[in-house]
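The structure appears below as structure tokens.
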Amino acid sequence: MTRTAIVTGAARGIGAATAQRLAADGNAVAVLDLDEAQCAQTVGAITDAGGRALAVGANVADAASVERAVAHIAEELGAPTILVNNAGIIRDNLLFKMTEDDWDAVLAVHLRGAFLMSRAVQEHQVKANWGRIVNLSSTSALGNRGQANYAAAKAGMQGFTKTLAIELGRYGVTANAIAPGFIVTDMTRSTADRLGVAFEDFIAHNANEIPVQRAGYPDDIAAAASFFCSEEAGFVSGQVLYVAGGPRA
Ligand code: NAP
């Protein structure tokens, strides 16, 4: 059965890999990101592989934009019953230098974004009596220097996930979180830039600290998302899976 999945922040990084994986699993995929044009590469990769995808420009932190996007997706691809809340930003700084804008922007994209998207999509999931929600947390939820805003958001994603699992379980909807460790994407590249370290050196340094002795890649996260979104994961809900090459990064 073909289902419709939405992956937010899917223009690049973990979202792009997850969108491609869910399409390979047989789902029609809405590739949602801030700028519709930026989605072209992910959509192209999916259609080149024989899958079905739709580029959607939307800001997950904006209620009207989210409502418009989900209605458009339902019309073009069919009712969305799989949602991966992946869109994210970082605005790292030590607490005494962190601005209110740094705080608000991070909480808005991760938490408000996941809330607005889930609220819009659950309507379709409840109607279908089936659904999967996967939220991107992070090992930073356990605390990370320079990331008071991001750590709070990513810990918040875990409480949000568990509550969705409790509320939506009766409608056949599961909700789980993935907490990645160090993954090679533009986000970690920007952290290396901020620290003034070459990205290759930053990757090597982080890999050295990880029990399996390598950095993670977007496909590592896509594989976990694929499992949570599968038919056979229907009895797994409210869980947080650390995908970090060890118990934590
Ligand atoms: P990324 O490469 O920076 O990609 C994030 C994507 O989200 C970008 O395409 C970005 O668009 C989009 N986005 C940002 N704000 C948005 C908004 N308001 N509405 C819609 N889309 C928006 O990040 P990533 O490394 O793949 O991370 C993906 C997720 O995994 C994030 O939630 C992140 O916190 C989490 N995570 C990452 C790591 C890691 O090591 N990389 C570790 C743990 C958790 P623009 O390019 O236009 O800004």
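Nothing in this text is a laboratory measurement; each read-out follows from the coordinates by a stated rule. The model shown is predicted, which means the values in this text are computed figures rather than measured ones. A quick note on method: Cβ atoms are made from the backbone with ideal geometry, for glycine too, and the neighbour counts reach across all protein chains shown.
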Problem - Where the Cα pairs of segment 124-218 fall when distances are cut into 5 Å bins, in % - result: 3, 12, 17, 18, 16, 11, 9, 7, 5, 2, 0
Problem - Within straight-line cross-link reach of LYS97, lysines at Cα separation under 19 Å, skipping those fewer than 8 residues along the same chain - result: none
Handout entry: Size of charge dipole - the chain - debye, nearest 20, with Cβ of Lys, Arg +1 and Asp, Glu -1, no other charges
Key = 580
Problem - lysines whose Cα lies under 19 Å from that of LYS154, excluding same-chain neighbours fewer than 8 positions away - result: LYS162
Fill in the blank from the handout: By the C-alpha gyration tensor axes a ≥ b ≥ c (rounded if a/c is under 1.5, else prolate when a/b exceeds b/c, else oblate), the shape of segment 30-89 is oblate
Exercise for the section: Give, rounded to the nearest 20 debye, the magnitude of the charge dipole that segment 1-146 has about its Cα centre when Lys and Arg contribute +1 at Cβ and Asp and Glu contribute -1 at Cβ. Expected result: 460
Problem - Segment MET1-GLN41, extension gain: residue separation times 0.36 nm, minus the distance between their alpha carbons - result: 11.8 nm
Problem - Estimated inter-spin distance, LYS127 and ALA49, nm [label 7 Å along Cα→Cβ] - result: 2.9
Problem - Residue-span extension gain [ASN144 to HIS205] - 0.36 nm each, minus C-alpha spacing - result: 20.3 nm
Practice task
Largest first and to the nearest Å, give the Cα extent of the chain along each principal axis.
Solution key: 47, 36, 35
Practice task
Pull up all non-local amide H partners of VAL29: gap of 5 or more, or a different chain, and H-to-H distance under 5 Å with H placed in the peptide plane.
Solution key: ALA5, ARG52, ALA53, LEU54
Completion exercise
Sorted by chain and then number, the residues having a modelled amide H within less than 5 Å of the amide H of LEU241, at least 5 places away or on another chain, are ALA177, ILE178, ALA179
Completion exercise
The extension gain from ALA198 to ALA24, computed as 0.36 nm times the residue separation minus the Cα-Cα distance, is 59.2 nm
Problem - Sparse-neighbourhood loop sites, GluC sites (Glu not before Pro) in segment 148-249 - DSSP loop, at most 14 other Cβ within 10 angstrom - result: none
Problem - Spin-label pair HIS72/ARG91, simplified geometry with 7 Å Cα→Cβ offset, distance in nm - result: 2.5
